[in-house]
Each structure stands twice: as C-alpha cells, then as structure tokens.
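As structure tokens, the structure follows; a few thoughts come after it.
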Amino acid sequence: MTGNHGADVISALPLWRAEEDDMLECVQIRAEARDVKTFVFRAQPARRFAYLPGQFLTLELPVAGETVRRCYTLSSSPTRPDRVAITVKRVPGGLVSNLLHDTLRPGMRLRVIGPAGDFSCAGRPDAGRLFLSAGSGITPLMSMCRWLGDLGGPFDLVFVHSARSPLDLIFRDELAGLAREHPGLRLQYLCESRDGDAGWSGVLGRLDAGLLTRLVPDAGQRQIYCCGPAPYMAAVRAALADLGCDPDSYHEESFDFTASPAPAAGPVAASAVGAGYKLDFTVSGKNAVAAPGQTVLSAAAECGMRIPSSCSRGVCGTCKSRLAQGRVDMKHGGGIRQREIDQGFFLPCCSTPLSDLVIER
Ligand SMILES: Cc1cc2nc3c(=O)[nH]c(=O)nc-3n(C[C@H](O)[C@H](O)[C@H](O)COP(=O)(O)OP(=O)(O)OC[C@H]3O[C@@H](n4cnc5c(N)ncnc54)[C@H](O)[C@@H]3O)c2cc1C
Ligand code: FES
C-alpha cells in the first residue's frame, strides 16, 4: 500500500529537465569503502530524474570566488527516479573530492549540469555482458547492475572488479546481495593485496589476458563495458586484443577525458580564412590568434592560457566562459543551457570563432 502510494507520488513529480533544473539537496551520505563515500541527493524543487544508467553529472562548486567543475557518474539507478547518488573516492591532494568528503552534509545544496554521457548498456544487445572495473570506475557499472536488477527480468552478467585490497572493494555487500537474488549475475573480485583482510580468499593479482580467460572463458562472446584508471583500461584493451575480441563489442568510459582523443574540429567556417581571428582575454590580459577551424580552447592553450577543461567535446561544461564580444560557432553536446548562452556564456572547447573575440578569462 505504502509502496504503491510512494510510487504514485514520484510518478506525479515533474521531470528533471537539464536545460532548466540545476539544484540538488544532499539527503544522505554513506561510507562505502576506504576513502569512498556515496552522496544521495533529491532535486530542489522536487523532480523525477530520467537518465541512462552510466551517465554522469557535472558538479559546479563555488571555491574561493571561482566556479570549479568536476564530473561524477550517477551510481544510482534510473529505476528509482526520486533520488540520484554519486560515489566519490578521495584523490590525494584533489580539490573537489576532498571538499565533498570533508564538508558536504545532508541539507546542503549544490548546482549540477546534466545528466550527460553515452556510456551505457541500455539499448544495446543484452545476450551476455561482461563488466570490467577498477577502483572508483565501478560507479557507472554499479548503476547499470542496479538497473538490470530492478528491471526484474533474467540477465547474464559477469562483473569483474579490481581493487588495491579488500578494504577498497566498493559496494561489496550490495553486490553480494544482488548476486544472491539474481542467478545470472556472477561476481569476481581481484585484489592486489590482502591488506586489512588476511583471510581474503579471492583472486590476487592484476587483470591480464591469462587471468581474464581463466575467469571468463567466454569473454569474447560478451558485450564488454570497462571503466577504471587509464593504466587499467590500457591493460584491459591489450588483454582483449590478445584474446581476439571484437572491438565493436567493447565500450569504455574514462574518468580522465584528456586520455581520450578530442573530436576533430568542425568544418572551417567560410569567413574564417586567412590569418584567423584575434582572441583577447580580459582577466589574464593574454591574447591569441585562432587559426581557421581551430577551437578557442586550443588557441588559448597555444598562448599559455589554461582554461579549465575536461571532456573537450562540449558535454561536461567545465570550460564554460563568458564571451564579452564576438560570435562563435558552438557545437555543444549538452554542457551549456540555452539561458546561459543567452547570458553570453559559451564553451571554448567546442567553439570556433566567427569574428575576433573578447573573452572574460
Ligand atoms: C565522466 C567522468 C565521471 C567521473 N566519475 C567519477 C566517480 O563516479 N567517482 C569519482 O570518485 N570520480 C569520478 N570522476 C573523477 C572526478 O571528476 C575528479 O576528477 C576526481 O574526483 C578528482 O578531482 P579533485 O578535484 O579531487 O582532484 P583535482 O584537484 O582535479 O586533482 C587531481 C589530481 O591532480 C593532482 N593535482 C591537482 N593540482 C595539481 C597541481 N597544481 N600540480 C600537480 N598536481 C596537481 C592532485 O594531487 C590529484 O592527484 C569522473 C570523471 C569523469 C570525467
Ligand atoms: S571541456 Fe567539457 S564542455 Fe568544454
């Protein structure tokens, strides 16, 4: 009775619209593993979230008079649409991960952009899946795993997660519960050491082709989803190449966008010929020339201007800047809202100048 009433209330909520909605309130914090916490949020005002399992939010935090932006995957499942959650691992010396761990409390609010991103098993073949993750890279795969579990139907999934030690295994109890409930889910942990759990009886070591074949003999027949630190993902790609896996069956997400190639610049605007356009940066006093077809971000970097950036493809909103004068051709992927464009903001990573520009940076 209560559950159905709750579901009715949630389904009556207006949908979260990334174009207009941006405020979340923290409602719960959970410790998940060493240096890892989950932060659960509801929308303010109340909204129902619709997203693909595996998508991320960009947090916009005021720090020392500036807006700092970082992306965090939604570890929650879209099947529970009144809340979203992110699961954050402390990065030694890192600004935002430590700020969230040390200062974010239930009742506090923060601004976000998104959800965005295209790393998801939703809408892809579901014959058999293999999830490969390491460290905090488990978050998009956990979202997908929760989603598959909530959908209720049978599924065939091998989930291989790597961690430094048993103390660093994120979502261990919840995944064990899901595996008990769903016979189609097979869990396999790999730890580099037994630290903190001398009785650890799981596999010790790092993933390579030999270990993968032993743990998942039919890996080559599965749709593979991978997320983790860059060296881990490089090792996975090498192992899969050794095993002759079909590259079309392999999907990955990097938490370091700079590790993946930026998209090619769009076609050169007809007017942007010859010497290119002049860029003046009002705060730093620097200036640059953007060659025909060159993005503002890339031209800025060449003159030593370090505009904060992450995805380099107009998705995360990290590079958002104010354009005081001039016109750009911007091909964004959701990292900026129309109302921000109307207020004079733009994304330098996916914009090529259509005139000389004056930029507030
Ligand atoms: C799509 C996407 C999804 C993500 N999802 C998650 C997730 O679910 N969970 C999660 O925990 N993370 C996730 N991340 C990573 C996250 O966005 C942050 O990068 C991470 O939390 C570190 O941010 P930070 O501000 O704490 O560290 P930063 O301040 O950005 O620092 C990062 C590193 O650089 C070093 N550093 C910083 N400043 C300097 C300097 N001046 N000189 C030298 N070194 C320096 C720091 O010591 C640290 O090692 C995701 C990233 C992306 C792109
Ligand atoms: S760096 Fe992501 S939108 Fe520009």
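Values quoted throughout were computed directly from the atomic coordinates according to the rules given, and no laboratory measurement underlies them. Being a predicted model, the structure only gives us computed values, none of them experimental. Note that each Cβ is placed from the backbone with ideal geometry, even for glycine, and that neighbours are counted across all protein chains shown.
Subtracting the Cα-Cα distance of residue 164 and residue 80 from their residue separation scaled by 0.36 nm leaves 27.2 nm.
The packing ranking, built from the mean of other Cβ atoms within 10 Å per residue, places the peptides 161-169, 63-71 in the order 161-169, 63-71, highest first. The stretch between residue 339 and residue 176, if pulled fully straight at 0.36 nm per residue, gains 54.2 nm over its current Cα-Cα span. Name the long-range amide H neighbours of residue 251: under 5 Å, sequence gap of 5 or more, or other chain; modelled H, no Pro or chain starts. Those lying under 5 Å, H to H, from residue 251 are 224, 225, 226.
With R₀ fixed at 30 Å, the C-beta to C-beta distance from residue 193 to residue 215 puts the FRET efficiency at about 0.95.
Peptides 335-342, 34-41 ranked from most to least packed give 34-41, 335-342, packing being the mean of other C-beta atoms within 10 angstrom over each peptide's residues.
The packing ranking, built from the mean of other Cβ atoms within 10 Å per residue, places the peptides 174-181, 309-316 in the order 309-316, 174-181, highest first. Take the Cβ atoms of residue 150 and residue 64, set R0 to 35 Å, and the FRET efficiency comes out at 0.30. With axes computed from alpha carbons, what is the tilt in degrees of helix 230-242 against the longest principal axis of the chain, rounded to the nearest 10 within 0 to 90? Taking the Cα atoms of the chain, the angle to 230-242 is about 60 degrees. Can you give the net charge of the other residues whose Cβ lies under 14 Å from the Cβ of residue 318, counting K and R as +1 and D and E as -1? Net charge in that neighbourhood comes out at +3. Our note on the geometry: Cα centres of the range 93-128 and the range 48-83, 4 Å apart. Using the Cβ-Cβ distance between residue 48 and residue 355 with R0 set to 35 Å, the FRET efficiency from 1/(1 + (r/R0)^6) comes to roughly 0.25. Farthest toward the dipole's positive end in the range 1-66, which of 41, 5, 59, given Cβ charges of +1 (Lys, Arg) and -1 (Asp, Glu) about the Cα centre? Among 41, 5, 59, the one farthest towards the positive end of the dipole of the range 1-66 is 5.
In the chain, the longest principal axis of the Cα atoms and the axis of helix 172-181 are about 60 degrees apart. The simple spin-label model puts a point 7 Å past each Cα toward its Cβ; for residue 95 and residue 109 those points are separated by 2.4 nm.
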